[in-house]
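Beneath this line is the structure, given in structure tokens, with notes to follow.
The values are calculated or read from the model by the stated rules, or taken from the named source; none is laboratory data. If you're wondering where the values come from, they're calculated on a predicted model, not measured in any experiment. Heads up, the Cβs are rebuilt from the backbone with ideal geometry, glycines too, and the neighbour counts pull from every protein chain shown. Note: areas computed on protein heavy atoms with side chains; ligands, DNA, RNA excluded. Shrake-Rupley method; radii C 1.70, N 1.55, O 1.52, S 1.80 Å.
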Amino acid sequence: MYQPHVFTLTKDGYRGPAPSWSSGAPSLWLVEAERAAEAARLLAPKILDASELARAKRLVLPADRACYTAAHLALRLLLGARQGVAPEAVRLTRERCPSCDGPHGRPATGGGTHFSLSHTRGVALLAFAGVPVGVDVERLPEARVVTEVAGQLHPAEAAELAALPQEERPAAFARVWTRKEAYLKGEGTGLAGGLHREHVGTGPRPLGPPGWAVTDVAVPAGYAAAVAVGTAGRASAGGADRRK
């Protein structure tokens with residue numbers, strides 16, 4: 001399990017090193033929206049672009065706006081530090097979708113840096129690597145959500161959930177969901193391909209689809225998270241980040 005760096009946003013930027021990795025292992029950063037809220041309000045108009053500001057404004061709930069804003073500030077600040085440019089000068093684009101060739105594939109920035117961002121109410125998680133990478137963080141679901149969605153998973157995963165005691169299913173469902181979404185985001189296809197693809201498992205140890213290493217990420221209680229890193233053409237991931 002990876003232990004992410006905690007991102008500390010300040011009124012002048014952020015406190016900490018630039019993202020770094022070795023042998024394809026990701027650099028992971030956890031953003032706690034409430035802690036970052038005051039600095040984020042000051043920095044957002046200076047750093048975020050017009051589309052990011054507009055999207056934040058469209059979010060109805062203040063907590064969602066705060067998390068989106070803090071997450072995108074962290075993304076620009078960390079990419080800027082990595083690239084040696086001002087955060088507002090970071091160029092964000094989209095790759096072509098590998099399924100339909102549409103302009104909604106993996107987010108990209110050039111310069112050999114791959115990244116992924118996920119946020120849910122309260123926290124965000126960012127991953128940076130030298131190879132394709134995907135990350136996902138989610139709040140633990142209610143029991144009814146597990147019941148409603150479990151049948152859409154890979155048949156082996158649905159069977160694993162059904163075999164668990166009722167009280168253990170939300171955490172197991174969150175594990176498999178974040179693992180699967182991290183992998184699909186790393187591929188660049190997202191959930192459009194369906195949840196039944198690939199068996200990543202609900203248990204303590206994730207299963208990596210061919211060409212991918214999937215690892216759980218340590219996040220605050222009440223959340224689950226995972227990261228998927230492309231392994232094709234490189235050695236096994238090393239220990240660029242602290243691990244539990």
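Which residue, Gly16, Ala224, Gly194, has the largest displacement toward the positive end of the dipole of the chain when charges sit on each Cβ (Lys, Arg +1; Asp, Glu -1)?
Of Gly16, Ala224, Gly194, it is Gly16.
Quick one: with all protein chains in place, what share of the accessible area of the chain is carbon or sulfur, to the nearest percent (1.4 Å probe)? Intermediate results must be reported in sequence, preceding the final value.
Numbers: 6120 of 11500 Å².
On the chain, the fraction of accessible area on carbon and sulfur atoms equals 53 percent.
Would you kindly derive the ³J(HN,Hα) couplings of the range 5-10 from the backbone phi angles with the Karplus curve 6.51 cos²θ - 1.76 cosθ + 1.60 (θ = phi - 60°), listing them in order in whole Hz, with x for Gly and Pro?
For the range 5-10, the Karplus curve yields 6, 8, 7, 10, 7, 10 Hz.
If each DSSP helix of 4+ residues adds -39,500 (n - 2.57) and the sum is divided by the residues in the chain, what number results at 222 nm, nearest 500 deg cm²/dmol? Kindly include the intermediate steps, with their values, before the conclusion.
Numbers: 6 runs with 80 residues, N = 244.
About -10500 deg cm²/dmol.
Please give the contour-minus-distance gain from Thr10 to Arg144: 0.36 nm per residue of separation, less the Cα-Cα distance, rounded to one decimal in nm.
44.3 nm
First select every other residue whose beta carbon is under 10 angstrom from the beta carbon of Arg179; then total the charges, Lys and Arg +1, Asp and Glu -1. Intermediate results must be reported in sequence, preceding the final value.
Working: positive: Arg175, Lys180; negative: Asp136, Glu157, Glu181, Glu198, Asp216.
Result for the local shell: -3.
Check His5: other-chain or 5+ apart residues with amide H under 5 Å from its amide H, H built from backbone geometry?
It is Leu28, Trp29, Leu30, by chain and number.
By per-residue mean of other Cβ atoms within 10 Å, what is the highest-first order of 46-54, 60-68, 27-35, 222-230?
On the way: 46-54: 14.0, 60-68: 15.8, 27-35: 21.9, 222-230: 25.3.
Output ranking for 46-54, 60-68, 27-35, 222-230: 222-230, 27-35, 60-68, 46-54.
Contact order normalised by length for the chain, with contacts defined as Cα pairs under 8 Å and 6 or more residues apart; what percent is it?
Values: 529 pairs, mean separation 58.6, N = 244.
Relative contact order of the chain: 24 percent.
How big is the dipole moment of the range 107-202 about its Cα centre under a simple scheme where the beta carbon of each Lys and Arg is +1, that of each Asp and Glu is -1, and everything else is neutral? Debye, nearest 20, please. Working shown, then result.
On the way: 9 positive and 11 negative charges, 40 e Å.
Approximately 200 debye in magnitude.
Where does helix 33-47 land angle-wise versus the long Cα axis of the chain, in degrees 0 to 90, nearest 10?
The answer is roughly 50 degrees.
Run the quick spin-label model on Arg91 and Leu42: label points 7 Å from Cα toward the beta carbon, then report their separation in nm to one decimal.
Each label point is offset 7 Å from its Cα along the Cβ direction, giving 3.1 nm.
Specify the angular offset, from 0 to 90 degrees and rounded to the nearest 10, of the alpha carbon long axis of helix 169-187 from the longest principal axis of the alpha carbons in the chain.
Orientation of helix 169-187: about 60 degrees from the principal axis.
Leaving out ligands and nucleic acids, and using a 1.4 Å probe, what accessible area per residue does the range 56-188 come to in Å²?
On the way: 5940 Å² over 133 residues.
Computed with neighbouring chains in place, this is 45 Å² per residue.
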